[in-house]
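Written out below as structure tokens is the structure these notes cover.
Computed from the coordinates by the stated procedures, all read-outs in this text should not be read as laboratory data. Because the structure is a prediction, the values reported are computed rather than measured. Neighbour counts are summed over all protein chains in view; Cβ atoms, including those assigned to glycine, are modelled from backbone coordinates with ideal geometry.
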Amino acid sequence: GNSVTQMEGPVTLSEEAFLTINCTYTATGYPSLFWYVQYPGEGLQLLLKATKADDKGSNKGFEATYRKETTSFHLEKGSVQVSDSAVYFCALSAQYNNNDMRFGAGTRLTVKP
Amino acid sequence: GAVVSQHPSWVICKSGTSVKIECRSLDFQATTMFWYRQFPKQSLMLMATSNEGSKATYEQGVEKDKFLINHASLTLSTLTVTSAHPEDSSFYICSASRLAGRYEQYFGPGTRLTVT
């Protein structure tokens, strides 16, 4: 079945450091891929998404490229801020069926000033 | 657009009582709503999927008589935790989709339930 494997955390970085959170997936067909962010005590907010191979999702300085050949959707940011501290979830939804959504385990990011 | 709200945002109840959590789509009609449960420092686990006007479909291992889901309108779904116990304490998150299976899910802010 479909699944998502996400880099385990926690990740601690200094402000302005480069961030990479790895995410790989297993799925049939062409799933849609997502990154969600969860701030303490809050629900999930969609950070970015990509719906087909080679698409790049971007938002708030974060980027992720849908790589079909490596079945990956790694999240990157060139210069993190303290306000980026949160838990990040990689997720996929099955092709033509958004009911079937799978989440990674989540990666907790802490950015120190 | 695509805003989903939950009420309450947090609730404390005594063991043995029931508590209802509401999930509303504020600016769109949600044919399908989903209920997830999140344990501390863990990912989301889908509990059930509900379609407006029909019975919810529960995931394996989720007690349907304990977690009652009602989706009576295109903008409101409720989750009632009946006879709550401390092990039901968790973060409950709902999401809503405009059309089952065809559109992405929009997530609510979550409800933290603590059973004492």
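With N counted as the residues of chain B, its alpha-carbon radius of gyration over 2.2 N^0.38 Å works out to 0.99. When B:His71, A:His74, B:His7, B:His85 are sorted by how many other C-beta atoms sit within 10 angstrom of their C-beta, beginning with the fewest, the order is B:His85, B:His7, A:His74, B:His71. Every Cα-Cα pair in the range A:52-113 was counted, and those over 18 Å apart are 46% of them.
Using only the C-alpha atoms, the convex hull of the range B:8-50 corresponds to 121 Å³ per residue.
Site pair A:Ser58 and A:Ala17 shows an inter-label distance of 2.4 nm when each label is modelled 7 Å from Cα along Cα→Cβ. If you wrap the Cα atoms of the range B:64-116 in a convex hull and average its projected area over all directions, you get 4.3 nm².
List the pairs from A:Lys49/A:Lys77; A:Lys52/B:Lys41; A:Lys52/B:Lys64; A:Lys60/A:Lys112; A:Lys49/B:Lys20 whose alpha-carbon separation is above 25 Å, in the order I gave them. The answer is A:Lys52/B:Lys41; A:Lys52/B:Lys64; A:Lys49/B:Lys20.
Rg of the Cα atoms in the protein assembly as shown, relative to 2.2 N^0.38 Å, amounts to 1.02. Counting only GluC sites (Glu not before Pro) that DSSP places in a loop and that have at most 14 other Cβ atoms within 10 Å, the longest clean stretch of chain A runs over A:17-68.
Here the range B:12-60 is assigned +1 on the Cβ of each Lys and Arg and -1 on the Cβ of each Asp and Glu. Its dipole about the Cα centre then comes out at about 280 debye. Here the range A:7-113 is assigned +1 on the Cβ of each Lys and Arg and -1 on the Cβ of each Asp and Glu. Its dipole about the Cα centre then comes out at about 140 debye.
The convex hull defined by the C-alpha atoms of the range A:1-84 has an orientation-averaged projected area of 5.9 nm².
Entry note, the range A:1-84: relative contact order of 32 percent, from Cα contacts under 8 Å with a spacing of 6+ residues.
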